[in-house]
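Derivation of every value follows stated rules applied to the coordinates shown; laboratory data play no part. Since the structure is predicted, the reported quantities are computational estimates derived from the model, not experimental observations. Methodologically, a virtual Cβ is constructed for each residue, glycine included, from the backbone with ideal geometry; neighbour enumeration extends over all protein chains shown.
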Amino acid sequence: MSALDTRSLVVVAAGVSEPSSTRLLADRLAAAVDRHLRDAGIQPRIETIEVRPLAHDLASHVLAGFAPPALQTALDAVQAADGVVAVTPIFSASYSGLFKLFFDLVDRDAFDGKPVLLAATGGTARHSLAIEHAMRPLFAYLKADSMPTGVFAATQDWGTGAVAMEGGLIGRIDRAAKQLAVAMAARPTSAPVDPFADPVPFTDLLPRSS
Amino acid sequence: MADKKDGLGPSTGRNDMQFGVFTVGDVTRDPVSGETVSEETRIQTMVAVALKAEEVGLDVFATGEHHNVPFVPSSPTTMLGYIAAKTERLQLSTATTLITTNDPVKIAEDYAMLQHLAGGRVDLMMGRGNMGPVYPWFGQDIRNAVPLAVENYDLLRRLWREDVVDWQGTFRTPLNGFTATPRPLDGVPPFVWHGSIRTPEIAEQAAYYGDGFFHNNIFWPKEHVQRMVELYRRRFEHYGHGPANTAIVGLGGHVFMRKNSQDAIREFRPYFDHAPVYGGSMSLEDYMEMTPMTIGSPQQVIDRTLGFREFVGDYQRQLFIADHAGLPLPIVLEQMEILADEVLPVLRREFEARRAPGVPSDPPLHPRVLAARGEAPATMAEPAGAHA
């Protein structure tokens, strides 16, 4: 890898309380991905998007059909990212409504082949499979390249005992972050196609048939 | 017409920029009175708006086309033909004609017929329609919206330009030895605009043929408008129709006026808050900041509208949405008077004063329309390549 190699990581954190354990987990994941990218000789550019301040903009976008400026900036950042960490609290056995709304509004092809790390927080470990039965199908629909390791943090996991255990939260964060860093390093960084800068020529739109 | 060019820049041999109104024909409950008008009343309201447009000196009336409630205008040429008989000068147009779900053969014949009845005062704006079920109701698939718009329009052009057409395509039965009737008035097909909010293929299509491009410019931030018009202009030049700044651009606009801007906001707010498109999405104030909508004094409307040319360049047609969201007819007609009396004289003068040399002031109209206005006919653009 050349020393000039860079990758952009966008972390989307959909916690609703302030401070939130969702943001706590998001920051730990971001730091771990940062470390693994640097170890691979890649300069990371990391941006964290909190969904909570965008909540009203999300509703406005759904109803008005366009994104207010702050939301548009966030959606553009996700679209342009080389990799994404998506972190949601688990509500009623699934991702939160705000989290879904955000990903409902990203461009249809924004996630095509994009490496994504799935992570979630919840009160108890009984919610941990929500990553597999709720988040993973959503990102499969978006055609994302979801990392095999999802990271679930229950309240109990923030206690020292769980951290120290083999397979505990710190270990899972490290394993998932390494998977994401490897996938991001392996995929060439590419600017999103701009159909306005480079339109499909009309002769390709109209096959001459007569 | 208002002031002529007063020697500002070289004469293009054309009229001044065109101003008018367009209607979508929604039947919406008036949130202030609580009343919902009948279909008959709504249709007569649309006609009243058109007649008012001619009376106060607006240039254009354009009707929408819809095939789903709560919209009434399913048959635009029936309405425009009726209006043509009651007017002398008004240019009749559409906003938009559904090029996806209508048979292009029927469009060719309906609008050529209208040309003959209206003395050439006809142009059209092509649109795809955004109501999903309308496609299957008319035997089409919304996933083919862009290919339908492309194929159908190409056939429509040929039907107006070639006396005998042999044609085969994907979406309709082939034609052998077909002549669309009547032929376009004086052999000059109606001028066509292509309308689209954010589909680059439609800007490309308009540019390829050297047709006009219209952005509705309401309900959206100006960035959407800007990038579509920029693409259209760049490709217009690419296809050899002339410099990018001479491409033919039209914009919509969304205004409500009172002498005191706070009065305008207070009176319009219930209509904004309950409107079908944006009702409940955000505050009127935020919406005005994020989109070109202007609710305020006539001077604010003048300033904002003149500002449009800063993000799309000099353009040729400005239409304002007139009757919608349940606004009662007397208020709509009063708004049109304010527009004609207090806003348009300034806009007509200032747009021409700012217009770059060599940029046409208006779209290419039918020669008879120009002759009636004492102007020499302009040459209509021809498409790129051999497919003239």
Relative to the longest principal axis of the C-alpha atoms of chain A, give the angle of the C-alpha long axis of helix A:21-39, reported between 0 and 90° and rounded to the nearest 10°.
-> 70 degrees
Among B:Leu117, B:Phe191, B:Pro292, which residue has its Cα positioned farthest towards the positive end of the charge dipole of chain B, with +1 placed on the Cβ of Lys and Arg, -1 on the Cβ of Asp and Glu, and the dipole taken about the Cα centre?
-> B:Phe191
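If we sort A:93-102, B:121-130 on the protection proxy, mean other Cβ atoms within 10 Å, highest first, what's the order?
Working: A:93-102: 19.4, B:121-130: 24.4.
Order by mean packing, descending: B:121-130, A:93-102.
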How large are Rg and Dmax for the stretch B:18-372 when only the alpha carbon atoms are used, in Å?
-> 19.6, 62
Among A:Pro68, A:Ile42, A:Ala81, pick out the residue whose Cα is farthest towards the positive end of the charge dipole of the stretch A:6-205, where Lys and Arg carry +1 and Asp and Glu carry -1 on C-beta, about the Cα centre.
-> A:Ile42
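Mind pulling the per residue volume of the convex hull built on the Cα atoms of the stretch B:59-181? Å³ is fine.
Working: hull volume 12.2 nm³, N = 123.
Per-residue hull volume (Cα only) is 99 Å³.
Treating only the Cβ of Lys, Arg, Asp and Glu as charged (+1, +1, -1, -1), what charge dipole size does the protein assembly as shown show about its Cα centre? Round to the nearest 20 debye. Before the final figure, lay out the partial values.
Working: 54 positive and 71 negative charges, 178 e Å.
It works out to roughly 860 debye.
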10 Å Cβ neighbours from other chains, averaged over peptide B:169-180 | 1
Select from B:Gly139, B:Gly195, B:Gly210 the residue whose mean-square fluctuation is largest in a Gaussian network model of chain B (Cα-Cα springs shorter than 10 Å).
-> B:Gly139
Let me know the mean shielding of A:55-66 by other chains, meaning the per-residue number of their Cβ atoms within 10 Å of its Cβ.
-> 5
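How do B:Trp193, B:Trp160, B:Trp167, B:Trp137 line up, fewest other C-beta atoms within 10 Å first? Please report the intermediate quantities before stating the final value.
Details: B:Trp193 27, B:Trp160 23, B:Trp167 20, B:Trp137 12.
Ordered by Cβ neighbours within 10 Å, fewest first: B:Trp137, B:Trp167, B:Trp160, B:Trp193.
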Write down the Kirkwood hydrodynamic radius of the stretch A:6-205, to one decimal in angstroms, obtained as one divided by the mean of 1/r over all alpha carbon pairs.
-> 17.3 Å
Convex hull (Cα only) mean projected area of the protein assembly as shown, reported in nm² to one decimal = 30.6 nm²
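Quick one: net charge of A:Arg126's neighbours, Cβ under 14 Å, K/R +1, D/E -1? Don't skip to the end; give the middle numbers.
Values: positive: none; negative: A:Glu132, A:Asp157.
My count for the surroundings of A:Arg126 gives -2.
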Counting other chain Cβ atoms within 10 Å of each Cβ in B:144-154 and taking the mean gives 2
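Treating only the Cβ of Lys, Arg, Asp and Glu as charged (+1, +1, -1, -1), what charge dipole size does chain B show about its Cα centre? Round to the nearest 20 debye.
I would put it at about 520 debye.
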If you take the charge dipole of chain B about its Cα centre, with +1 on Lys and Arg Cβ and -1 on Asp and Glu Cβ, which of B:Gly20, B:Ser261, B:Trp160 is farthest toward its positive end?
-> B:Trp160
